[in-house]
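K.L.:
Quick one: this structure, given as structure tokens, is what I'll be asking you about.
Where a number appears in this text, it was derived from the coordinates with a stated rule and is not lab data. None of these values were measured; they are calculated from a predicted model. FYI the Cβ positions are ideal-geometry reconstructions off the backbone, even for glycines, and counts take in every protein chain you see.
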Ligand SMILES: Cc1cc2nc3c(=O)[nH]c(=O)nc-3n(C[C@H](O)[C@H](O)[C@H](O)COP(=O)(O)OP(=O)(O)OC[C@H]3O[C@@H](n4cnc5c(N)ncnc54)[C@H](O)[C@@H]3O)c2cc1C
């Protein structure tokens, strides 16, 4: 299936240097008929799962397994698997669309993600042909269920600090000992991807079956949310694992772990779009029906401002998710679906974008769900309405798949690494910007219309991002990784830039094609850019203040003011229009 007609696919992070050609940007509007059919199937299945919410919340794992089998029957577990192993080998856009639908059901989405992303993917990408033949067909049908065992009580973010051990035996097998923590699907999975250190040293991945002697699971954790998802310790006591179940190479477990997490982050971003879209519908319908002071609360400006803001942020997130999927699929265009190496390279190429989606997705969803509770008032705080459950369920998104702090450090860290390796022309771009800032500025022509103004603003965001990263590299050199606060500031600017750029590009494409709803898309993009301009200015000020002082700081701040000469949009009007459209449709309006 062809996602895009991208001739030359932009490389990871290039959007930070210059605007990408419009035709290289995939948008939801460019989905193929096949994507839409998959979306319809996934949405119908999601509705079926949602109908079982109460039962799933009681930890009915038989029902969970039945639903996974049903997902298997519908092909929803097969997207990433080649046909030779029972899969459908669909593009990543299809996978993102499915994740988006299931994202509306927090607990089942976690179950699905652990199975389809974290268990299937490692075998699909790193398994031998024999391992793929043995395990993938039944994982794809949902007959067997998988889980991913990386974390331990003492090593979460510091995953390579694992204590689990694998002792090499004379016959080539391994004996595993250790305890893994917080394992999604732990309580009922049949198969575990386990990470342990061979001879106490070499971090390595293994495929461990539940039936192997010495495998047991602990009690279900009492969690804040995701009550319908199993989370348990997995205990390994003298578990003999045959040599055939070594996954990848001894000492290369980090490759398995991190590449799988790259994909997991991208998919998590995709799933949060579904959760946010669903919550906007809930808020819109509630605001239309709930009356106070003789009017629907949807008529109050304060409520409109919230719903409009929820729509604008979700639109930007959705635009980033589809753009990223287009980049990944564009890179994989024409590649043999059996070529696991090509998939690994594509995921690595867009690892920065995947981390951005993880952070932006989890935080957008969190904020949208927070406002959803607020719009529901007292009803948002009680269990009769789903707003309360969504809010609890989403909190963990900022913690797993690499915490948002870790991902924030990775974003500029990976950009700098690419720059130093010469894969991204960030250093010359930052130098050129320095010269531009020192040269006298001419009067810029006023942009022609709100979308052009938004595009011009994004151009400024890019420059601010480059200025902050450039100064950080210059100031700290090799020791930049020790400056977590500055790295996090840079990440925030980069995230807002990618989101704003993706939203504006999509809205411009809609305007150029005269698509229905193009006006609303323009409102959403302009509203997002307006908020981003304020956030970026504040964040850049903090970053510069951390790196410079006295006259140098004053000069930098003057440069920042020159760069960010963005006239504020009338965000009140923009958000009112977005909110009115959502309330009229009783759903996310774009
Ligand atoms: C519901 C749920 C399901 C899960 N499912 C799975 C699963 O299926 N498989 C699995 O392997 N794991 C799973 N996990 C574990 C999850 O991946 C970890 O909780 C996560 O990686 C964070 O690790 P930690 O809890 O040890 O926190 P820590 O690493 O101790 O972090 C605590 C805080 O310190 C910060 N921090 C840590 N290191 C740094 C640093 N270097 N710089 C700056 N800040 C830092 C973190 O960002 C965080 O805010 C799950 C967790 C939960 C809650």
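K.L.:
At 0.36 nm per residue, minus the direct Cα-Cα distance, what do residue 34 and residue 8 gain on full extension? Give it in nm, one decimal, please.
P.N.:
Difference between extended and current length: 7.0 nm.
K.L.:
Using only Cα atoms, locate the centre of segment 211-254 and the centre of segment 384-437, then give the distance between them in Å, rounded to an integer.
P.N.:
If you average the Cα positions of each part, the centres end up 29 Å apart.
K.L.:
7 Å from Cα along Cα→Cβ at both residue 384 and residue 219: what's the point-to-point distance in nm?
P.N.:
3.3
K.L.:
Starting from the exponent 0.38 and prefactor 2.2 Å, build the expected Rg for segment 421-585 from its residue count and divide its actual Cα Rg by it.
P.N.:
This ratio for segment 421-585 stands at 1.14.
K.L.:
Can you put 212, 108 in order of Cβ neighbours within 10 angstrom, beginning with the fewest?
P.N.:
In increasing order of surrounding Cβ atoms, one gets 212, 108.
K.L.:
If you project the alpha carbons of segment 494-585 onto the principal axes, what extent comes out on each, in Å, largest first?
P.N.:
For segment 494-585, the Cα extents along the three principal axes come out at 53, 24, 20 Å.
K.L.:
Taking the Cα of residue 572, stepping 7 Å toward and past its beta carbon, and measuring to each backbone N in segment 287-331: which are under 17 Å?
P.N.:
The answer is 299-309, whose backbone nitrogens lie closer than 17 Å to the label point.
K.L.:
Same structure, new question: What is the fewest-to-most order of 482, 282, 401, 452 by other Cβ atoms lying within 10 Å of their Cβ?
P.N.:
482, 452, 282, 401
K.L.:
Additional query: If one computes the Cα centroid of segment 291-366 and of segment 1-73, what distance in Å separates the two points?
P.N.:
Distance between centres, Cα-based: 11 Å.
K.L.:
Now for a different question. P(r) tail for segment 355-432, what percent of Cα pairs lie past 14 Å?
P.N.:
When every Cα pair of segment 355-432 is considered, 68 percent fall beyond 14 Å.
K.L.:
What number, rounded to the nearest 500 deg cm²/dmol, is the helix-based mean residue ellipticity at 222 nm of the chain, given -39500 (n - 2.57) per DSSP H run of at least four residues and division by all its residues?
P.N.:
-19000 deg cm²/dmol
K.L.:
Please list 561-574, 461-474, 353-366 highest first by mean number of surrounding beta-carbon atoms within 10 Å per residue.
P.N.:
Result, highest mean first: 353-366, 461-474, 561-574.
K.L.:
Taking Cα centroids, how far is segment 537-588 from segment 465-500 in Å?
P.N.:
17
K.L.:
Going by a ≥ b ≥ c, the root eigenvalues of the Cα gyration tensor, does segment 398-464 fall in the rounded group (a/c under 1.5), the prolate group (a/b larger than b/c) or the oblate group?
P.N.:
Oblate.
K.L.:
Using a Debye calculation, one point per C-alpha and no hydration shell, please list log10 I(q)/I(0) for segment 118-271 at q = 0.11, 0.13, 0.15 Å⁻¹ in order.
P.N.:
Calculated log10 I(q)/I(0) at the listed q: -0.38, -0.54, -0.73.
K.L.:
Sort 390, 222, 35 so the one with the fewest other Cβ atoms within 10 Å of its own Cβ comes first.
P.N.:
The fewest-first ordering by Cβ neighbours comes to 222, 35, 390.
K.L.:
If you don't mind, another one. Which number comes out as Rg/Rh for segment 14-145 once both Rg and the Kirkwood Rh are worked out on C-alpha atoms?
P.N.:
Rg/Rh: 1.03.
K.L.:
Here's another thing I want to ask about it. Using only the Cα atoms of the chain, what semi-axes does the equivalent ellipsoid have when each is the square root of 5 times a gyration tensor eigenvalue? Give whole Å, largest first.
P.N.:
39, 30, 22
K.L.:
Suppose the chain between residue 258 and residue 555 were pulled fully straight at 0.36 nm per residue; how much longer would it get relative to their current alpha carbon spacing?
P.N.:
Result for the pair: 102.8 nm of gain on full extension.
K.L.:
State log₁₀ I(q)/I(0) for segment 108-158 at q = 0.15 Å⁻¹ as given by the Debye formula over alpha-carbon point scatterers of equal weight, solvent excluded.
P.N.:
At q = 0.15 Å⁻¹ the computed log10 ratios are -0.45.
K.L.:
Counting alpha carbon pairs within less than 8 Å and at least 6 residues apart, what relative contact order, in whole percent, applies to the chain?
P.N.:
Relative contact order for the chain comes out at 16 percent.
K.L.:
Right, next: In whole angstrom, and with the biggest value first, how far do the Cα coordinates of segment 254-405 range along each principal axis?
P.N.:
Each principal axis gives a Cα extent; for segment 254-405 these are 62, 26, 24 Å.
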